[in-house]
Amino acid sequence: TTMDRVRENKNPILKRKLSELKSNILNTLTTNLIITEKVFDQIFAKQYAFVKKHIQITGRIHTDEELANHFNQEKYDIVIVGSDQTWRPAYSPNIYNYFLDFLKNDKDIKKIVYATSFGTDQWEFSKEETQKCKELVKTFDAVSVREKSGIDLCQKYLGITPEFVLDPTMLLKKEDYLKLIASKNLPKRSGLFSYILDETDEIAKIIADTAEHLKLEHFTNQPINRAKGKNVTNLEDHIYPELEGWLQAFNDADFIVTNSFHGTVFSILFNKPFVSIAHSERGASRFHSLLSLFGLEDRLLTDKSKLKEMAMQNIDYDAVNLKLEALRKHSLDFLSKNVINSIHEL
């Protein structure tokens, strides 16, 4: 079962992020709309539908008390923490929850961390958080991280040496994802696919220039308002399209431009030529770590004058796939050793 632990608005960075999202929506609406949890549920309804279809998930959990009560009722044998930036305090509803503080005295539950990420190569924990988490991490049976920099942070600040594993999305192959959408019979698209978080004028120009260099039409799988710009008149234009279309887009694309970590992941999984734009505030070190695994550091756009050269350069996916298979085997071995074997022992 996957926890649906939502964020409380106590963290100043989280409050600012939520405020920015609300402002982006309100700035493109001409109606007096109050952005509530219900409105967000409408905007992301198609995303939630995909999750509910394919993942067994809890009801929404808002507080530490609700979280502890859930575990007391369900009596789990194994708990896995992971993965994307789950150990980044600024992005967490309660960082201690992701060190399983509410289970610290429960000796019967096996506690595993899979591919956790700090999101950055800098230590962002306060002194108090560092001390408490250093004690909590001792209660885990096995710990693994997603970035090589995470190994150094764990050794320096938490006093442990974790294993290095792949992001969980990379444990599956392209064919596994295509099976999820086979029944949808989605229309085929072609051209340059962009998957962009927090689009800017500069990024829009990069997309336009890349499409021009490659003589490709541009398409996306994001809300209508992202394409139209300002002065959208209704909420429907902010609704995110279904996730199946997002997966299909990676399969259909002739080229991909993204500033998303997982946009980069899926570009690699689908063996597509791509340009990745590091998002410094969301954690640029994640991009460097991921791309260095496959010798793809040159796909990270750091100099716009090299855009045309990058767009025309081929990627040796035979070599990439060999590295991916080896890393996937190691990561699955970690799970087999710490999860599957534990199930057999129960």
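The values are calculated or read from the model by the stated rules, or taken from the named source; none is laboratory data. Remember, predicted model here, so these are calculated numbers, not experimental data. Note: ideal-geometry Cβ built from the backbone for every residue, glycine included; neighbour counts use all protein chains shown. Only protein heavy atoms, including side chains, enter the accessible area calculation; ligands, DNA and RNA are left aside. Shrake-Rupley method; radii C 1.70, N 1.55, O 1.52, S 1.80 Å.
Just one of LYS156, LYS173, LYS179 is open to solvent by 50 Å² or more (accessible area, probe 1.4 Å), within 28 Å of ALA326 (Cβ to Cβ) and touching a Phe, Trp or Tyr at 6+ places or on another chain (Cβ under 8 Å); which is it? Result: LYS156 is the single residue among LYS156, LYS173, LYS179 that is open to solvent by 50 Å² or more (accessible area, probe 1.4 Å), within 28 Å of ALA326 (Cβ to Cβ) and touching a Phe, Trp or Tyr at 6+ places or on another chain (Cβ under 8 Å).
Only a single item in (1) of a type outside the set (Asp, Glu); (2) open to solvent by 60 Å² or more (accessible area, probe 1.4 Å); (3) out of contact with any Cys (no Cβ under 9 Å at 6 or more places or on another chain); (4) closer than 23 Å to VAL339 by Cβ is not met by THR161, and it is number (3). Screening the stretch 127-147 for residues that are in contact with a Ser or Thr (Cβ under 9 Å, 6 or more places away or on another chain) and over 17 Å from ASP106 (Cβ atoms) and picking the one that is surrounded by the most Cβ atoms within 10 Å (Cβ to Cβ) gives ARG146. Would you check if LYS308 is over 24 Å from LEU269 (Cβ atoms), surrounded by 11 or more Cβ atoms within 10 Å (Cβ to Cβ) and either touching a His at 6+ places or on another chain (Cβ under 8 Å) or at pLDDT 95 or above (or both)? Considered against the rule, which asks whether it is over 24 Å from LEU269 (Cβ atoms), surrounded by 11 or more Cβ atoms within 10 Å (Cβ to Cβ) and either touching a His at 6+ places or on another chain (Cβ under 8 Å) or at pLDDT 95 or above (or both), LYS308 comes out as yes.
Looking only at residues in the stretch 267-285 that are open to solvent by less than 10 Å² (accessible area, probe 1.4 Å) and part of a helix (DSSP H, G or I), the one that is farthest from SER190 (Cα to Cα) is GLY283. What do you reckon, is GLY263 open to solvent by less than 10 Å² (accessible area, probe 1.4 Å) and over 26 Å from GLY119 (Cα atoms)? Criteria not met by GLY263. Close contacts from the stretch 317-340, counting a first residue that is farther than 28 Å from PRO273 by Cβ and touching a residue at least 40 places away in the same chain (Cβ under 8 Å) and a second that is open to solvent by less than 40 Å² (accessible area, probe 1.4 Å) and in a helix (DSSP H, G or I), with Cβ to Cβ under 9 Å and a gap of 6+ residues or different chains, come to LEU335/LEU171. Every test in (1) in contact (Cβ under 8 Å) with a residue 60 or more places away in the chain; (2) touching a helix residue (DSSP H, G or I) at 6+ places or on another chain (Cβ under 6 Å); (3) more than 14 Å from MET3 (Cα to Cα) is passed by SER83 save one, and that test is (3).
Let's see how each residue does on (1) under 30 Å from ASP101 (Cα atoms); (2) in contact (Cβ under 8 Å) with a residue 40 or more places away in the chain:
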residue	(1), (2)
SER144	yes, yes
LYS148	yes, yes
ILE151	yes, no
LYS156	yes, no
VAL165	yes, yes
LYS188	no, yes
LYS215	no, no
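Within the stretch 311-332, the set of residues being polar (S, T, N, Q) and either touching a Ser or Thr at 6+ places or on another chain (Cβ under 6 Å) or surrounded by 13 or more Cβ atoms within 10 Å (Cβ to Cβ) (or both) comprises ASN321, SER331.
Among helices (runs of 4 or more DSSP H) entirely within the stretch 32-122, having at least 1 residues that are of a type in the set (Ser, Thr, Tyr) and open to solvent by 60 Å² or more (accessible area, probe 1.4 Å) singles out 45-54.
Has the stretch 243-262 got at least one residue that is over 22 Å from ALA211 (Cβ atoms), at pLDDT below 80 and not hydrophobic (A, V, I, L, M, F, W, C)? Scanning the stretch 243-262, I find no residue that is over 22 Å from ALA211 (Cβ atoms), at pLDDT below 80 and not hydrophobic (A, V, I, L, M, F, W, C), so the answer is no.
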